[in-house]
Amino acid sequence: MSQGLQTQLIHAPAPHANTRGTSASLDLSSSFQVDPTQVGFSAMDLQTDAPLFYARWQNPTVAECEVALACLEQAEASLCFASGMAAISAVLLQHLSAGDHVILPNVCYAAVLELGHDTLPRFGIDVSFVDTSDLDTVAAAFRPNTRLLHLELPNNPILRLCDLPALCELAHSHHALVSVDATIASPLGVRPLALGADFSIHSLTKYISGHGDVLGGVVSGSQERIAKLRQDAGIHFGGCMHPMAAWLTLRSLATLSARMAMHQNNAQLAAEFLQNHPKVSQVLYPGLPSHPQYALAQEQLSNSSGLLSFCVKGDYQAVQTRLLQNAEVFTSAISLGKSHSLMFYLDSHALQASSLRLPEADFQRYQEWAKDGVFRTSIGLENTEDILADLARILGD
Ligand SMILES: *Cc1c(COP(=O)(O)O)cnc(C)c1O
């Protein structure tokens, strides 16, 4: 019988062959002694069982991290990158060529929107930005040259969900691939590959590394697709993960399920506290029955994660000032998924002008969720009472 996930993650790093050390070892070597008759010099010759050669191709510490992440994702294989954006851009640029069409969420991580608005069109790639929570809208966006549907689950910063199995079926019926950035849900919230996606992507910077001291990304999928991605995007684009980041990530994997349980518990209580607060007009959190897609959240997410967004009545600036000057637990900072609680105000009009660039009707729909702006809040692992007391302090109680 195979072992449980927690046991597998803790035991993923094999004992060091020479020292028999019981924890993962860190190998910072950039190249390895090789017999030239045993390796090819082109990335295109790289076999999955090839001897170690050069660290941009493969490094033993990064490889151990990849094995553990594949286990976490229940994937055949994983490939690590220097950041979440390196992982996402690798998938997009590997699978899209001039004349191809890609569908992106119209609300998602800002750097992905900007890549879609500004970079992909320079390479002759057509981009549609659609509300991926609406199946009919996505269905209408497919064209004969659509190669890829890229999704984000849930969508940053409004925590909007999508029906992943239905969207995968739809995309595959159009012979398009599906990649899912499930960073915010974490692999313990959702496993996109099991729901039909071709690629599952995570920014390791967030929940998986979990301590706010690592930049990294990962793409998981079939052995064949990941091997191809390693040859092309990994080796040629060169956005490979540093062994130190891989080592820190491996170390974090042992505590991921314990941390996610705490993130979810604290976030649920924080969301309920905020929802009952007189100065709060709206709370967006998939674990709240008031979330517009609560039924879908219950069905799709096995952990509601630690990210929530809320809107305040009246003057948001006073709240922002107290966050900067009086907060004792929360830090006014972007990012998410670390042990420290973080909060950052995202002004809807400023987002619209920079990364969203939605048509007017879609921007109005965005404002139904986000009003004039949200405090995007990453609930950390501090004591629940301290988190709630600080929320009250920030709201001016
Ligand atoms: C942070 C984040 C990214 C980008 O990850 P980096 O590691 O910062 O490059 C992509 N998608 C989502 C949903 C994120 O939260």
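Dipole of segment 262-397 computed with +1 at Lys/Arg Cβ and -1 at Asp/Glu Cβ about the Cα centre; of 301, 339, 374, farthest Cα towards the positive end is 374.
Return the subset of 313/371; 206/371; 206/228 for which the Cα-Cα distance in this structure is over 18 Å, preserving the input order. Too far apart for the 18 Å limit: 206/371; 206/228.
Using a probe of 1.4 angstrom and keeping all protein chains present, the accessible surface of segment 274-383 works out to 45 square angstrom per residue.
Round to a whole number: what % of the accessible area of segment 245-397 belongs to carbon and sulfur, probe 1.4 Å? The nonpolar share, carbon plus sulfur, comes to 51 percent.
Report the one residue of 217, 180, 108 whose Cα lies farthest in the direction of the positive end of the charge dipole of segment 84-219 (charges on C-beta: Lys and Arg +1, Asp and Glu -1; origin at the Cα centre). It is 217.
Under the convention that each Lys and Arg Cβ holds +1 and each Asp and Glu Cβ holds -1, the size of the dipole of segment 77-173 around its Cα centre is about 240 debye. Once the Cα atoms of helix 84-95 and of the chain are each reduced to a long axis, what angle between those two axes, in degrees from 0 to 90 to the nearest 10, is obtained? Computed tilt is about 60 degrees.
Taking every alpha-carbon pair under 8 Å whose residues sit at least 6 apart, the chain reaches a relative contact order of 16 percent. What does DSSP give for the chain in terms of the percent of beta bridges that are antiparallel, rounded to the nearest 5? In the chain, approximately 60 percent of DSSP beta bridges are antiparallel ones.
For segment 264-397, the dipole from Cβ point charges (+1 on Lys and Arg, -1 on Asp and Glu) about the Cα centre works out to 200 debye, to the nearest 20. Highest mean packing first, where packing is the average number of other Cβ atoms within 10 Å per residue, the peptides 300-311, 87-98 line up as 300-311, 87-98. What is the helix-to-structure angle for 60-73, meaning the angle in degrees between its Cα long axis and the longest Cα principal axis of the chain, kept from 0 to 90 and rounded to the nearest 10? Tilt relative to the chain: about 50 degrees. Taken about its Cα centre, segment 320-376 carries a charge dipole of roughly 180 debye when the Cβ of each Lys and Arg holds +1 and the Cβ of each Asp and Glu holds -1. Can you bin segment 250-306 into rounded, prolate or oblate? Criterion: square roots of the alpha carbon gyration tensor eigenvalues sorted a ≥ b ≥ c, rounded for a/c under 1.5, prolate for a/b above b/c, oblate for the rest. Taking the square roots of the gyration eigenvalues as a ≥ b ≥ c, segment 250-306 is oblate.
Please state the shape class of segment 114-191: rounded when a/c is under 1.5, otherwise prolate if a/b exceeds b/c and oblate if not, all from the C-alpha gyration tensor. Oblate, because a/c is 1.5 or more while a/b does not exceed b/c. Relative to the longest principal axis of the Cα atoms of the chain, the long axis of helix 164-173 lies at roughly 50 degrees. Take each peptide in 41-53, 232-244, 104-116, 314-326, count the other Cβ atoms within 10 Å of every residue, and average; sorted highest first, the result is 104-116, 232-244, 314-326, 41-53.
The values are calculated or read from the model by the stated rules, or taken from the named source; none is laboratory data. Worth saying up front: this structure is predicted, and the values here are computed from it rather than measured. Glycine also receives a Cβ, built like all others from the backbone with ideal geometry; neighbour counts cover every protein chain displayed. We work out accessible area using only protein heavy atoms, side chains counted, and drop any ligands, DNA or RNA first. Shrake-Rupley method; radii C 1.70, N 1.55, O 1.52, S 1.80 Å.
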